[in-house]
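Provided herewith is a single structure, encoded as structure tokens, for subsequent inquiry.
The values are calculated or read from the model by the stated rules, or taken from the named source; none is laboratory data. Because the structure is a prediction, the values reported are computed rather than measured. Cβ sites come from the backbone with ideal geometry, for glycine too, and all protein chains shown count toward neighbours.
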Amino acid sequence: MQKLNRRSFLGKTAALTLAAGTPSFPFIRSVRAGEPGPNDKIRLGLIGSGGQGLVDLKCFFLNPEIDCAVVCDVDDAQLAKGVALCNEQRGKRPDTVKDFRRVLDRKDIDVVLIATPDHWHAMTTVMAAQAGKDIYVEKPLAKTIDEGHAMVEAARRHERVVQMGSQWRSCAHIVEAAELIRSGKLGKVSMARGWAYLDWLPSLGHVPDTAAPAGVDYDFWLGPAPLRPFNPNRFHFNFRWFWDYGGGLMTDWGVHLINMLEMAMPADAPRTVSSCGGKFTFDDDSETPDSQVTVYEFPTYQLVWEHRAGLNNGLNGRSWGVEWNGTEGTIILDDSGYEILTERKRANLESGRRKGLGDPRPAHVRNFLDCVKSRLQPVLNLEAGQRVSTLAHLGNIAYRTGRKIVWDGVNEKIVGDPGADKLVGVKYRKPWHLPYTRRG
């Protein structure tokens with residue numbers, strides 16, 4: 001496997017994004033007079049100082065031009081963690097706020113890092129774009145498909161550079177495998193599959209409602225989500241197992257691995273989506289399925305996603321991975337690298353293993369920062385992020401309705417099923433309202 005330096009690697013990832021037919025914004029110019037120059041500091045505001053936000057912030061701090069000027073979270077305990085990290089990494093204390101709008105009001109903030117629960121991604125991204133900030137937002141793009149559409153539209157209208165934080169798009173061995181498949185050396189690929197069998201996820205158990213902890217602005221944490229009593233099982237990391245705030249393993253791990261699979265495949269919309277599953281492992285308060293199988297019918301191939309929680313055995317000896325099955329062989333890939341399997345020696349394809357090069361998150365952040373300066377779009381810009389997030393959302397809609405979904409990708413609409421199509425849309429608790437939606 002050829003070792004890539006950072007410049008050639010970023011060039012390869014950008015080339016792959018365009019070669020794959022992934023819709024991308026045109027190259028854009030900045031509309032702000034104060035854009036950072038090549039050697040200037042980039043002032044960052046962190047919105048969401050939980051576990052993922054701190055992991056991402058550490059990666060941003062690997063780049064010497066980054067200063068974190070302000071940390072925002074509705075929980076005082078989370079704010080304290082963000083402050084401690086800034087003190088450790090930069091030797092100075094950032095400002096702290098609980099309302100993300102106070103971050104966006106600041107003229108000295110160049111970029112925002114959004115690592116809130118999923119139900120806040122769209123609102124904070126749209127408002128950040130309106131405020132003239134560039135944005136790194138965690139996956140999935142949003143809680144619903146139409147929210148993702150609003151984010152794409154906001155980035156276009158306000159000419160913002162936005163990267164979705166699924167770092168595998170910047171992973172060198174995944175880029176290499178995808179290029180190999182797109183070259184035709186694997187032959188015609190008729191099946192792509194991803195799976196996550198995660199034995200580290202514990203049962204939530206059953207916990208009664210209680211008062212919100214001291215120092216937490218719970219009403220603001222809910223924001224546009226329905227008003228519910230506070231429950232520890234619905235808060236912080238566990239929000240993703242409840243439909244009000246997230247989409248379970250389908251949008252948590254599914255977005256990552258579907259993203260990997262789609263890097264190698266034509267950028268077509270699926271014709272149909274079907275899904276089945278349930279809570280077969282855990283008896284607890286969570287709502288999303290702990291076991292799920294989803295099948296996407298594309299014009300030229302099928303894609304299958306599987307997840308299970310609470311099991312310690314995986315497929316092909318891997319707890320998670322992806323594979324592409326072509327007429328010339330199969331490629332199986334995980335974070336350690338990828339393997340080529342063939343039944344006989346082929347002229348353009350040889351069996352063997354290619355080793356991975358480690359954590360791709362720093363390269364993903366670096367790609368974003370380079371694009372902030374160049375005003376080019378990053379490798380996982382919002383159109384690409386919307387595509388892979390939409391696939392995960394469609395899987396959940398098919399699961400929740402119990403029906404096969406017929407999808408109109410051009411108009412982002414489910415055909416012939418008004419009940420299912422409602423789940424594509426957005427319904428916010430007053431007074432929150434999201435502009436730029438198709439159904440707004």
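Quick check on residue 344: is it outside any loop (DSSP other than H, G, I, E, B), at pLDDT below 95 and over 21 Å from the mean Cα position of the chain (by Cα)?
no
Ok, one more. If you go through the range 178-193 one residue at a time, how many are of a type in the set (Gly, Ala, Ser) and surrounded by fewer than 18 Cβ atoms within 10 Å (Cβ to Cβ)?
So the answer is 4.
Next question. Has the range 194-216 got any residue that is surrounded by 17 or more Cβ atoms within 10 Å (Cβ to Cβ), among the charged types (D, E, K, R) and on the phi < 0 side of the Ramachandran plot?
no
How about the range 55-74: which of its residues are buried (at least 21 other Cβ atoms within 10 Å of the Cβ) and under 30 Å from residue 212 (Cα atoms)?
56, 57, 68, 70, 71, 72, 73, 74
Now a separate question. Mind listing whichever residues of the range 240-262 are among the hydrophobic types (A, V, I, L, M, F, W, C) and either touching a Lys or Arg at 6+ places or on another chain (Cβ under 7 Å) or assigned by TED's automatic domain parsing to the domain that holds residue 51 (or both)?
The answer is 242, 255.
Here's a follow-up. Do the conditions hold for residue 58, that is, is it among the basic types (Lys, Arg), part of a helix (DSSP H, G or I) and either at pLDDT 95 or above or over 22 Å from the mean Cα position of the chain (by Cα) (or both)?
In short, yes.
Could you please tell me which pairs satisfy a Cβ distance under 6 Å, a separation of 6+ or placement on different chains, a first residue in the range 61-89 that is at pLDDT below 95, and a second residue that is assigned to a loop (DSSP other than H, G, I, E, B)?
Here the result reads none, with nothing in the range 61-89 linked to a residue that is assigned to a loop (DSSP other than H, G, I, E, B).
Then there's this: Quick one: residue 156 ticks every box in (1) assigned by TED's automatic domain parsing to the domain that holds residue 133; (2) charged (D, E, K, R); (3) in contact with a Leu (Cβ under 8 Å, 6 or more places away or on another chain) bar one, so which box is it?
(3)
Oh, and also: crowded, with 18+ Cβ neighbours inside 10 Å and within 18 Å of residue 76 (Cα to Cα) - does that describe any residue in the range 223-231?
yes
Can I ask one more? Report, by residue number, each residue of the range 123-143 that is among the hydroxyl-bearing types (Ser, Thr, Tyr) and in contact with a Phe, Trp or Tyr (Cβ under 7 Å, 6 or more places away or on another chain).
124, 136 - these are the residues of the range 123-143 that are among the hydroxyl-bearing types (Ser, Thr, Tyr) and in contact with a Phe, Trp or Tyr (Cβ under 7 Å, 6 or more places away or on another chain).
Right, next: Would you point out which residue out of 154, 177 is farther than 23 Å from residue 390 by Cα, touching a Phe, Trp or Tyr at 6+ places or on another chain (Cβ under 7 Å) and modelled with pLDDT of 95 or more?
Result of the check over 154, 177: 177.
Follow-up question, since we're still on this one. Kindly state which helices (runs of 4 or more DSSP H) lie completely within the range 354-440 and contain at least 3 residues that are in contact with a helix residue (DSSP H, G or I) (Cβ under 9 Å, 6 or more places away or on another chain) and among the hydrophobic types (A, V, I, L, M, F, W, C).
Helices (runs of 4 or more DSSP H) meeting the threshold: 361-374, 382-401.
Taking the range 61-82 only, how many residues are in a helix (DSSP H, G or I) and polar (S, T, N, Q)?
1
Right, another one. Scan the range 408-438 residue by residue and report those that are over 24 Å from residue 228 (Cβ atoms) and of a type in the set (D, E, K, R).
Scanning the range 408-438 gives 408, 412, 413, 417, 421, 438.
Going residue by residue through the range 329-341, is there one that turns out to be at pLDDT below 90 and either buried (at least 18 other Cβ atoms within 10 Å of the Cβ) or closer than 17 Å to residue 169 by Cβ (or both)?
For the range 329-341, residues at pLDDT below 90 and either buried (at least 18 other Cβ atoms within 10 Å of the Cβ) or closer than 17 Å to residue 169 by Cβ (or both): absent.
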